[in-house]
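**Q** Sharing a structure below in structure tokens format, with a few things to ask.
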Amino acid sequence: MENQDQYIEEKEELQIAEATPEQRRVFEEELLPQIDALYNFAFHLCYNEEDANDLVQETYLKAFRFIDKYIQGTNAKAWLFKILKNAFINQYRKKSKRPTKVDYEEIASYHDNEDASHVDFTDLREELFQQMMGDEVTIAINALPIDFRTVILLCDIEGFTYEEISKIIDIPIGTVRSRLHRARNMLKERLREYAKRLGYEDVRGAKKKAKEKSKKQ
Amino acid sequence: MKAFGNNQGSDDFRRRMTLYLDGALTKQEEREFLGGIRKSPECLAQLQKEQSFREFLKKKVSRKNVSPALVKSIKSKLNISTSS
């Protein structure tokens, strides 16, 4: 086994040495500029800088090894994110026995999920949100289950399209949408709970509910 | 063009609002959506609030700086000059 690992390492080094000057140029000009976004994604997946560093480094080593598969001028960012996501899953599976799939969601239909619930951001005062520190938001995002955290990061923070996210995490577009819907609702709920813990209660939300109740009666 | 049944709480409105904010509507669908929104102040208010949530997330989520040591380490492993 040790010999096999050594062989793989030697082979990797050999492949790195064989990269053409053009491939090196592409690596530096198209792939390396994505390092900030990759690192941030890695950090939010791993929770710590050391693991994020390792993950980003592994991503770039893999990218360089398979650079002949990358088509110049195409979506370098999405390509690298896919490599990083796969590397993370491999590491994550090694470290944890927890499943990485949201099984119930794969079974439920998109429309059932999307339309079933909607957490209204407006239940909270806008000014309260503006007062929140980044740490609180980051903690709330990091507290989401990994599959939900991933789609929020890819869509709302990195600005990937549904199609790109679908390719990066290998799920159908409909599932991307339903997962995003649930993830945003969960996040809003967590932020609302956080605000409540700080003693903020939305009077407008309560008034609205009371009004709706009296209408029904 | 129906204005989401004049209901900012309707599933159709929410679905289209999400697609609009995620940039997943076609130009034509976008025009129709915005046309419908103009007929409903409640829908417009809902859209603005959802927009502010998205902006809030982007603005508040912490972004870490990549250490120069990481870039150096990657380049070193790939035998790429670290002069740049």
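**Q** Using the Cβ atoms and a cut-off under 10 Å, what net charge is assigned to the surroundings of A:GLU136, where Lys and Arg are +1 and Asp and Glu are -1?
**A** Every neighbour counted, the sum reads +1.
**Q** Still on this structure, I have one more. By the scheme Lys and Arg +1, Asp and Glu -1, what is the net charge of all other residues having a beta-carbon under 10 Å from that of A:ASN40? Don't skip to the end; give the middle numbers.
**A** Numbers: positive: B:ARG63, B:LYS64; negative: A:ASP36, A:GLU158.
Neighbourhood net charge equals 0.
**Q** Other chains near B:65-72: what is the mean number of their Cβ atoms within 10 Å of each residue's Cβ?
**A** Details: counts 3, 11, 3, 0, 1, 9, 6, 0.
If you average over the peptide's residues, the count of other-chain Cβ atoms is 4.
**Q** Hey, another quick one. Averaged across B:45-57, how many Cβ atoms of other chains sit within 10 Å of each residue's Cβ atom?
**A** Taking all residues of B:45-57 together, the mean is 4.
**Q** Pairs to check: A:LYS77/B:LYS75; A:LYS69/B:LYS58; A:LYS167/A:LYS188; A:LYS85/B:LYS58; A:LYS196/B:LYS60. Give those whose C-alpha atoms are more than 24 Å from each other in this structure.
**A** Numbers: A:LYS77/B:LYS75 18 Å; A:LYS69/B:LYS58 32 Å; A:LYS167/A:LYS188 26 Å; A:LYS85/B:LYS58 21 Å; A:LYS196/B:LYS60 19 Å.
The pairs that break the limit, which is 24 Å between Cα atoms, are A:LYS69/B:LYS58; A:LYS167/A:LYS188.
**Q** Where Lys and Arg each count +1 and Asp and Glu each count -1, what net charge lies around A:ILE157 among other residues with Cβ under 14 Å from its Cβ? Please report the intermediate quantities before stating the final value.
**A** Working: positive: A:LYS77, A:ARG149, A:ARG184, B:ARG54, B:LYS58, B:LYS59, B:LYS60, B:ARG63, B:LYS64; negative: A:ASP36, A:ASP156, A:GLU158, A:GLU164, B:ASP22, B:GLU55.
Residues close to A:ILE157 contribute a combined charge of +3.
**Q** Another question, then. Test of understanding: ordering A:LEU198, B:LEU47, A:LEU187 by Cβ neighbours within 10 Å, fewest first, what list do you get?
**A** Least crowded to most crowded, the residues run A:LEU198, B:LEU47, A:LEU187.
We did not get these values from a lab; they are worked out from the coordinates using the rules stated. Remember, it's a predicted structure, so these values are computed and weren't measured experimentally. Backbone-built Cβ (ideal geometry, glycine too); neighbour counts: all protein chains shown.
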